[in-house]
1. How many of the residues in region B:183-242 are of a type in the set (S, T, N, Q), open to solvent by less than 50 Å² (accessible area, probe 1.4 Å) and touching a His at 6+ places or on another chain (Cβ under 9 Å)?
2. Any residue in region A:246-261 that's in contact (Cβ under 8 Å) with a residue 24 or more places away in the chain and more than 10 Å from chain B (Cβ to nearest Cβ): show its pairings with residues that are among the charged types (D, E, K, R) and open to solvent by 40 Å² or more (accessible area, probe 1.4 Å) at Cβ separation under 7 Å, as long as the two are six or more apart or on different chains.
3. Given the structure, is residue A:246 in contact with a Lys or Arg (Cβ under 9 Å, 6 or more places away or on another chain) and under 26 Å from residue B:161 (Cβ atoms)?
4. Given the structure, is residue A:89 at pLDDT 95 or above and touching a His at 6+ places or on another chain (Cβ under 9 Å)?
5. So which helices (runs of 4 or more DSSP H) stay within region A:156-264 end to end and still have 3 or more residues that are in contact with a strand residue (DSSP E or B) (Cβ under 9 Å, 6 or more places away or on another chain) and more than 24 Å from residue B:258 (Cβ to Cβ)?
6. Out of B:213, B:239, I need the residue that is within 18 Å of residue B:181 (Cα to Cα) and hydrophobic (A, V, I, L, M, F, W, C). Which one?
7. Residue under question is residue B:173, and the condition is that it be crowded, with 21+ Cβ neighbours inside 10 Å, among the charged types (D, E, K, R) and at the interface with chain A (Cβ under 7 Å from one of its Cβ atoms); does it hold?
2 protein chains.
Amino acid sequence: MECSEVMQIVLVGSGNVASSLGPALQRLGHKIVQVFSRSEQSAIILANKLGCDYTLDLHSLREDADLYYICLADDALISLAEKIVEGRGESLFVHVAGCVPMDVLSCPHRGVMWPIHGFSRNSVVDDWSDIPLTIEASDDESMQVVRQIAENLSRHVCLADSEARPKIHLAAEFCCNFANHCYDLADTILHNCSVPFSMMHHIVRSTAENVILTSPHAAQTGPARRHDKKVMDYDRNLLKDNPDLLEIYNLLSGNIENNYRGVS
Amino acid sequence: MECSEVMQIVLVGSGNVASSLGPALQRLGHKIVQVFSRSEQSAIILANKLGCDYTLDLHSLREDADLYYICLADDALISLAEKIVEGRGESLFVHVAGCVPMDVLSCPHRGVMWPIHGFSRNSVVDDWSDIPLTIEASDDESMQVVRQIAENLSRHVCLADSEARPKIHLAAEFCCNFANHCYDLADTILHNCSVPFSMMHHIVRSTAENVILTSPHAAQTGPARRHDKKVMDYDRNLLKDNPDLLEIYNLLSGNIENNYRGVS
C-alpha cells in the first residue's frame with residue numbers, strides 16, 4: 001500500500017467532491033475501479049467519466065481496493081460508515097469531511113483529507129494545486145499514503161486532527177459565509193441608493209488581496225480601527241431605520257475597537 | 001475650462017490620494033502647477049515628483065488655476081474649505097472625500113470625485129483604471145470637467161450625490177473593514193489550533209472571486225444559508241468559551257437565516 005504505486009481506488013459518493021477528486025486521482029496515475037452512489041443518474045455520469053464500474057448497492061462494494069475515498073455528505077457518512085468499512089479490514093478508508101471525526105471509520109487503517117474549498121454544484125475542480133488540504137491518519141503507514149496523495153494534489157497540505165479540523169472549518173465559515181454576508185449587507189445599503197454592487201468589486205478584490213499579502217490584524221482599516229467616533233456616529237445615523245444592520249454595525253465595530261484598544 | 005484642454009491644476013494636500021492623483025493627472029496631459037500642504041516634508045517630496053512649486057501657506061495658494069483638487073482628510077477639508085475657495089471664484093474646486101457633502105465648498109463651481117479605494121500609507125496607486133469613482137458637480141459645465149477626468153482615469157464611474165455618497169462609503173466599510181474583521185475572527189480561531197492563516201488564503205480569494213462573478217445573495221453558502229441547525233449547534237459549542245465570537249456568530253447566522261427564510 002505504498003503511494004508511489006498505482007493504487008486501486010473506490011470512490012464512495014458521486015457528488016461535487018467525488019466528481020472533482022476522481023479525475024484528479026486518475027491524473028496522478030491511480031486507477032478508479034468503482035463508484036458507489038445512491039443516485040443512479042450521477043453514478044452513471046461519474047463512472048462513464050472515469051471509465052469504471054458503478055454500484056448502487058453497498059453489498060456490491062468491491063472488497064479488494066487499496067483505498068476507499070468516502071465523499072459523502074456528513075449525515076450519509078455517519079450513517080453508512082460502518083457498512084462501508086465492514087469486511088474490508090486491511091484497506092485504507094479516507095473521508096473528506098470537515099466536521100466528522102476520523103474515528104467514525106471503525107477500521108484499522110483510516111484517514112481524512114479535507115479540502116478547504118467551497119465545492120459548488122455543477123462546477124468540477126480540475127486544478128487542486130491551490131486547494132488547501134488538511135490531513136489526518138490513524139497510523140504511520142496510512143499517513144504516508146494520505147500525505148503523499150495530498151501533496152501530489154496540492155501545494156498546501158497541513159496536519160489537523162479531528163479536534164482541530166472542525167475549528168478550521170468554522171474559521172473557513174467566517175472567511176467565506178460571513179465575509180460574503182458583509183458583501184450582502186453592503187448590497188442592501190447600495191440598493192437604497194440605486195448603485196450596483198459592481199461598484200464594490202474593486203474593494204472586495206483589494207481587501208482579499210491585501211489580507212493575503214499581510215495579515216487580518218495588519219490589514220484592518222476604517223473608523224472602528226482608528227476609533228473615529230465622528231464617522232461611526234455618522235454611519236449609525238445612516239442605519240437608524242434598519243435595526244438589523246445597525247446591530248451588526250455596532251457589534252462588529254465594537255469588536256474591532258476592542259482589538260485596537262490603545263492603538264491609534 | 002473644457003477638459004479636453006490641458007488644465008492647470010493645484011493639488012491641495014500631499015497625502016496618499018494627492019500623491020497618487022497628481023501623477024495620474026499628469027499622465028492625462030494636465031499640468032500640476034502647485035502643491036499645498038501643511039507638512040513641508042511631504043510637500044517637497046510630492047512637488048519634486050511632479051516638478052512644480054509648493055506652498056505651506058494658504059495665502060500663497062495660486063489664484064489662476066483652472067482646477068483645485070482638494071485631497072485632505074475630512075476634518076481638514078471641512079475646516080479649510082472656506083479659505084481655499086476664497087477669492088478664486090471662477091475656478092473649479094473638487095474634493096475627493098466620501099463622507100463630506102459637496103456644499104462644504106462654497107464656490108460657484110464645485111464637485112466631488114471620490115475613489116472607492118482604501119489608499120494606504122507609502123503605497124502610491126499608479127493605475128486608476130480599476131478604481132471606481134463616484135462623481136458629483138454643482139452645474140453642467142463643472143460636471144463635464146469632473147466626468148471627463150474621471151472617465152479618463154477609470155473604467156468605473158458612477159454619479160452619486162452628497163446624500164448617496166456616504167451610504168456608498170458605508171457599504172464599502174462592510175466590504176472592506178467588516179469582511180476583513182471576519183478574516184481576523186477566523187485568525188483568532190486558527191491560533192487556537194496552531195494553523196496559519198495562509199490555509200484560508202484560497203477560501204478568501206475564491207469567496208471574493210465568486211461574489212464578483214455572481215452576486216452576494218446568490219453566492220451565499222454555509223450552515224445558516226441552508227438552515228443546518230446541527231452544524232450551527234456544533235459551531236456554537238466550539239465557541240462556547242469565547243462569548244464575543246459566539247455573539248457575532250449568532251447575530252450573523254440569524255441574519256443570514258432570515259435572508260433565506262423559506263429557501264432550502
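1. So the count comes out to 2.
2. Listed pairs, sorted by first residue: A:260/A:225.
3. Yes: the conditions hold for residue A:246.
4. No.
5. Helices (runs of 4 or more DSSP H) meeting the threshold: A:164-173.
6. Result: B:239 is the single residue among B:213, B:239 that is within 18 Å of residue B:181 (Cα to Cα) and hydrophobic (A, V, I, L, M, F, W, C).
7. So residue B:173 passes the test.
Every residue, every condition in (1) of a type in the set (A, V, I, L, M); (2) out of contact with any helix residue (DSSP H, G or I) (no Cβ under 9 Å at 6 or more places or on another chain); (3) within 17 Å of residue A:8 (Cβ to Cβ), yes or no:
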site: A:86; (1), (2), (3): no, no, no
site: A:90; (1), (2), (3): no, yes, yes
site: A:98; (1), (2), (3): no, no, no
site: A:102; (1), (2), (3): yes, no, no
site: A:105; (1), (2), (3): yes, no, no
site: A:112; (1), (2), (3): yes, no, no
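The values are calculated or read from the model by the stated rules, or taken from the named source; none is laboratory data. Small disclaimer: the values here were computed from a predicted structure and weren't measured. Cβ: placed from backbone, ideal geometry, glycine included. Neighbour counts: every protein chain shown. Side chains included, ligands, DNA and RNA excluded: accessible areas come from the protein's heavy atoms. Shrake-Rupley method; radii C 1.70, N 1.55, O 1.52, S 1.80 Å.
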